[in-house]
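Rule-based calculations on the coordinates, nothing more; no lab input. Values in this document were obtained by computation on a predicted structure and should not be read as measured data. Here the Cβ is made from the backbone with ideal geometry for all residues, glycine too, and neighbour counts use every protein chain on show.
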Amino acid sequence: MRLMSDSGDSGMKRCPQCAQVLPSTEFHSNKRRSDGLAFYCKRCASERSEASCRKRGINAQRRSTEPVPSGSKWCPDCGTVKPLADFARTRAHSSGYHSYCLPCHNARGKESKERLYGGSREYHLRRRYGIDQAVFDELLAEQGGVCAICGVEDPQHLDHDHRTGWVRGILCFNCNGGLGQFRDDPVFLAGAIAYLKGTTWQRLLIHPGVFQMCSPMRGRRPSRSS
C-alpha cells in the first residue's frame, strides 16, 4: 500500500532520508516492494549510490564539459569526443557502445591483464584453457621440452580437444596449425599419411648411379624435360 501525505492525497510517498513527501514519479520502480516503489527518492538514491562508490574507492563518473553531437561519444579517459565508429560495440550498455574509445579500451584491458594476471600470456592460458604458466611449464617438461609431434625444441602452442576442451599437449606452430587444417580428424590425417607414402614422386634406382622419378600409385612417367 502506498504512503500518503498529511493532506490525504494519493500517489504520494515520504522519503525517509530527506523526509519529504513526494509524488510517486520521484521514486524509481521496485517490484520487490509492496508499494512497487523504491525506498528512497531518486535524488537521495543517487546521493547514496555516489557515497557508496566513494567509500569503495570508485572515482566519480566524469562527464564531458562540451555538448556531444549526435553520432559521437565522449571518452572519459582521453577526454576526446570521437565518432561512434571509434568505440567498440557491447550489449551491456544501453547506448550499445563501450564507455571508452578503442585505444583507451585496449590500454585498460592490457593494464588489467598485467595487474591481475601478470601479462596477456597468463590471462590467455587461464581464460581459454584453465591452466597457468606454471602448469604449462610442467607439461612441457614432461614432454622433454620439445613438440609432442615433431620434436622441435621450445614449442609454445597449447593444443586442446575442441569437442571436450581437454588439453592434449604442447605443439610447435606448424604442428598445431597442421592439426587445425585437418580439423583434428584422424581419418583425414590417415589419408594424408597414405597419400605421402604412396602417391608422391619418388626416386627409383634403375641402374647403379641412375635414378628415375616415379609415382607407384599413379604409374605416370615423368616428362623428359624434368
message = Let me make sure I get this right: for segment 72-114, a, b and c are the square roots of the gyration tensor eigenvalues over alpha carbons, sorted descending. Under 1.5 in a/c it's rounded, otherwise prolate if a/b > b/c, else oblate. Which is it?
response = oblate
request  = Can you bin segment 12-55 into rounded, prolate or oblate? Criterion: square roots of the alpha carbon gyration tensor eigenvalues sorted a ≥ b ≥ c, rounded for a/c under 1.5, prolate for a/b above b/c, oblate for the rest.
outcome  = oblate
task = Would you look at the GNM of the chain, springs on alpha carbons closer than 10 Å, and say which of Tyr117, Tyr100, Tyr195 moves the most?
result = Tyr195
query = What shape does segment 129-184 have by the C-alpha gyration tensor, where a ≥ b ≥ c are the square roots of the eigenvalues, rounded means a/c under 1.5, and otherwise prolate means a/b greater than b/c and oblate the rest?
reply = oblate
request  = Net charge near Ser112: determine it from the other residues with C-beta under 15 Å of the C-beta of Ser112, scoring Lys and Arg +1 and Asp and Glu -1.
outcome  = +3
inquiry  = To make sure I understand the rule: partners must be lysines, Cα under 17 Å from the Cα of Lys73, and not fewer than 8 residues away in the same chain. Which ones qualify?
reply    = Lys82
query = Using a basic spin-label model with each label point 7 Å from the Cα along Cα→Cβ, how many nm lie between Ser34 and Val68?
reply = 4.2
remark   = For semi-axes √(5λ) of the Cα gyration tensor in Å, with candidates [x] 69, 21, 20; [y] 37, 18, 17; [z] 22, 21, 18, the value calculated from the shown model is option [x]
task = Between Arg127 and His162, with labels modelled 7 Å along Cα→Cβ, what's the label distance in nm to one decimal, could you check?
result = 2.0
task = For the chain, with a Gaussian network of springs between Cα atoms less than 10 Å apart, report the residue from Gly36, Gly180, Gly198 with the top mean-square fluctuation.
result = Gly36
ask   = Ranking Val68, Val21 by Cβ neighbours within 10 Å, fewest first, what do you get?
value = Val68, Val21
key: Debye, to nearest 20: dipole size of segment 12-55, +1 on Lys, Arg Cβ, -1 on Asp, Glu Cβ   = 140
